[in-house]
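Below is one structure, written out as structure tokens; comments come after it.
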Amino acid sequence: MLPSYKDVSLSDVHESVDTTVKRKGFRRFLAYVGPAYLVSVGYMDPGNWATDLQGGARFGYSLIWVLLMSNLMALLLQSLSARLGIVRRKDLAQANREVYPPMVNFCLYILAELAIAATDLAEVLGMAIGIHLLTGIPILWGVLITVLDTFILLILQRYGIRKMEAFIIALVAVIGLSFLIQLVMAKPDLGEVAKGFVPSALNKQSLYIAVGIIGATVMPHNLYLHSALVQTRKIRNTHAGITRALRYNFADSAIALNAAFLVNAGILILAASVFYTSGNTGVARIEDAHKMLEPMLGNTWAPILFAVALIAAGQSSTVTGTLAGQIVMEGYLRLRINPWIRRLLTRLIAIIPAVLVIVIYGDDKLDDLLVLSQVVLSLQLGFAIIPLIHFVSDKQDMGHFAIKLPVKILAWLVAGVLVFLNARLVIDEMLQVFEEGGHIGLKIILAVAIVLFGWLFLAMTFLPLRRRRERKNVYMHKETPLLQNLSVTPLMHIAIALDFSGKDENVIAQALRQGNHAATYILIHIVETVTASYSGDSADDNETRKDEQHLASFAAQLTALGYTVETALGYRNRVSEIVRIVQERKADMLVMGSHRHTGLKDIIYGETANQVRHKLMIPVLIV
């Protein structure tokens, strides 16, 4: 049996760390420290290694500025993600689900899952390569062994979020120390390193690596993750309490992400100082880099530290990837499954392409697959960033804590840069395919994909603006008019939408209060079984019969009390069927219930009430 869904992020550890307890000095800040470090491991996972190594080996120090720009983008976006979670106590997936229609949400969910799968693919390959470099075990075996790390998360979850954070911070320390020692051995040219911070033009080859670096640094699943992790802290729901949480979480993010930047810069600088300067610009594989470290640095510890850091990076990213998957699934689908099943499914999805590449092409193509996974991540970025900016800009939901105009402009500028870089990369690749002869089927698929992505991008970008405008029209008032006609036509036909829950009695009572014995009452229920969805009013399954009996029972009881009652069953879509029945029966008012409900038969939840209200021209009473 699946655990029941709770409408909070990471319900097992939600508000499990109490920051409201009085603490003095640095201990107060320590209560907030942790979420950003779990996020930061995604910025130094094995996918970063592949892009940083190729960037350093092929282009020397010239792409350091891309790393710095990516880190600044990440700091801005992660602070916005944390702001959403702290102020609204909702994660990005939950916020999307509230605003976007089901089809858009489903597409965003699929893209989020693809991003998590791409991340997990990088973790699988990194772990497998690290195990191979350290022990000599074939990479294919290493890939299969990575299934076992599924259970590490389960062990950590038993000890609470603070122990999990401590474990991750320890792994981050191992990665950072390993590269610090290797950089001391490599003795890079600091003057050339400084020049790398100056932006330079990108050609087609360096653009691909640059987009990969951005995709490996600013990761879409981290935006979902951070907005949920900050909710593990219990804070005072006051202006001062929220302000303090925002301030401390920004400091936490700045420290953690700058540490991740130093690790990424260390990898790129190591590759540039060891390989690029020696003319080995063709070093593109992690295994090649590992082999060449010892002879070129003259130290046997260098390759060992390299492999240990790689394993630590893969393992730490595994934990956060699983949490992100849980957040995305619960937020979009309101579905919670056992963590080990979720972890196993994600890991198997990642293992399949890795095994196929190894079996078909051998180990030589693994680093190309790593870089591709990071480019895929980068292509998903816009679909996480744009909704996030909309949400934290909304004064109606965020109140005083909505981002100010300068931050908003900067955020949209970052989104524009990322979308432009990704669009340019996609266009270059598409033109290359379309210029080649043949491949008609592939070209058709790509054309359809472009149309679908374009539709989703426009819907995701402009729907929140329309929603905000509608709400603004509701809340903005004109001059108070004179009340000249307060007469109301008596209600003769009142429709009542029922869902056969404990709320029905109150809904019926409120309806009777509106019309008394003079009105006719139309009891409505929508059948949502699989049979009803296909057969409509021809459905004759057990649940449809029970629904008819329920309506008949309600009608008989009300008739015995002297009321005039009709019944109507609807099928398939809740919204359209309620509207259809109300209009066909010429009802003067609709009474419906609104409450938190997780059953599949719930007629009134989510956007149903709003959609029905907007489609009817009669009064709608929400009980």
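The values are calculated or read from the model by the stated rules, or taken from the named source; none is laboratory data. This structure is a prediction, so every number in the text was calculated from the model and none was measured. We place every Cβ from the backbone using ideal geometry, glycine too, and count neighbours over all the protein chains shown.
Residue check: is GLY279 among the small types (Gly, Ala, Ser) and at pLDDT 75 or above? Write out each step before concluding.
Working: among the small types (Gly, Ala, Ser): yes; at pLDDT 75 or above: no.
The answer is no for GLY279.
When LEU180 is tested against (1) among the hydrophobic types (A, V, I, L, M, F, W, C); (2) modelled with pLDDT under 85; (3) surrounded by 23 or more Cβ atoms within 10 Å (Cβ to Cβ), just one condition goes unmet, and that condition is (3). Assessment of segment 557-573 against the conditions (part of a helix (DSSP H, G or I), at pLDDT 85 or above and touching a strand residue (DSSP E or B) at 6+ places or on another chain (Cβ under 6 Å)) yields at least one matching residue. Of all positions in segment 574-583, none carries a residue that is outside the structural domain of ASN96 (by TED's automatic domain parsing), modelled with pLDDT of 90 or more, of a type in the set (Asp, Glu) and in a helix (DSSP H, G or I). The residues in segment 130-160 that are at pLDDT below 80 and in contact with a Gly (Cβ under 7 Å, 6 or more places away or on another chain) can be counted, and the count is 0. When the residues of segment 186-213 are filtered to those that are modelled with pLDDT under 80 and under 16 Å from VAL263 (Cβ atoms), which remaining residue is surrounded by the most Cβ atoms within 10 Å (Cβ to Cβ)? Ranking the candidates gives ILE213 first.
Is there a residue being crowded, with 24+ Cβ neighbours inside 10 Å, in the same structural domain as GLU165 (by TED's automatic domain parsing), in contact with a Phe, Trp or Tyr (Cβ under 6 Å, 6 or more places away or on another chain) and under 23 Å from GLY176 (Cβ atoms) anywhere in segment 217-235? Yes, that holds for at least one residue. Inspection of segment 225-239 identifies no residue that is aliphatic (A, V, I, L, M) and free of Cβ contacts under 8 Å to residues at least 24 places away in the same chain.
The rows are residues; the columns are (1) in contact (Cβ under 8 Å) with a residue 24 or more places away in the chain; (2) over 30 Å from PHE457 (Cα atoms).
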position: ALA82; (1), (2): yes, no
position: ILE86; (1), (2): yes, no
position: TYR100; (1), (2): yes, no
position: MET103; (1), (2): no, no
position: ALA115; (1), (2): yes, no
position: ILE129; (1), (2): yes, yes
position: GLU165; (1), (2): yes, yes
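Filtering segment 203-217 for residues that are charged (D, E, K, R) and under 17 Å from ILE64 (Cβ atoms) leaves an empty set. State whether one or more residues within segment 39-61 are assigned to a loop (DSSP other than H, G, I, E, B), closer than 28 Å to VAL274 by Cα, within 23 Å of the chain's Cα centre (by Cα) and at pLDDT below 85. Yes; the residues of segment 39-61 include at least one that is assigned to a loop (DSSP other than H, G, I, E, B), closer than 28 Å to VAL274 by Cα, within 23 Å of the chain's Cα centre (by Cα) and at pLDDT below 85.
How many of the residues making up segment 218-241 are outside any loop (DSSP other than H, G, I, E, B) and under 25 Å from THR320 (Cβ atoms)? Residues meeting the conditions: 15.
The lone criterion from (1) surrounded by 18 or more Cβ atoms within 10 Å (Cβ to Cβ); (2) farther than 30 Å from GLU192 by Cα left unmet by ARG247 is number (1). The residue that is modelled with the highest pLDDT, among those in segment 418-467 that are among the β-branched types (Val, Ile, Thr) and surrounded by 14 or more Cβ atoms within 10 Å (Cβ to Cβ), is THR461. With respect to the conditions (1) of a type outside the set (Ser, Thr, Tyr); (2) buried (at least 24 other Cβ atoms within 10 Å of the Cβ); (3) without any contact (Cβ under 8 Å) to a residue 60 or more places away in the chain, VAL21 lacks only one, and its number is (2). Residue count for segment 516-546 under the criterion of being more than 36 Å from the chain's Cα centre (by Cα), buried (at least 17 other Cβ atoms within 10 Å of the Cβ) and modelled with pLDDT under 85: the result is 2.
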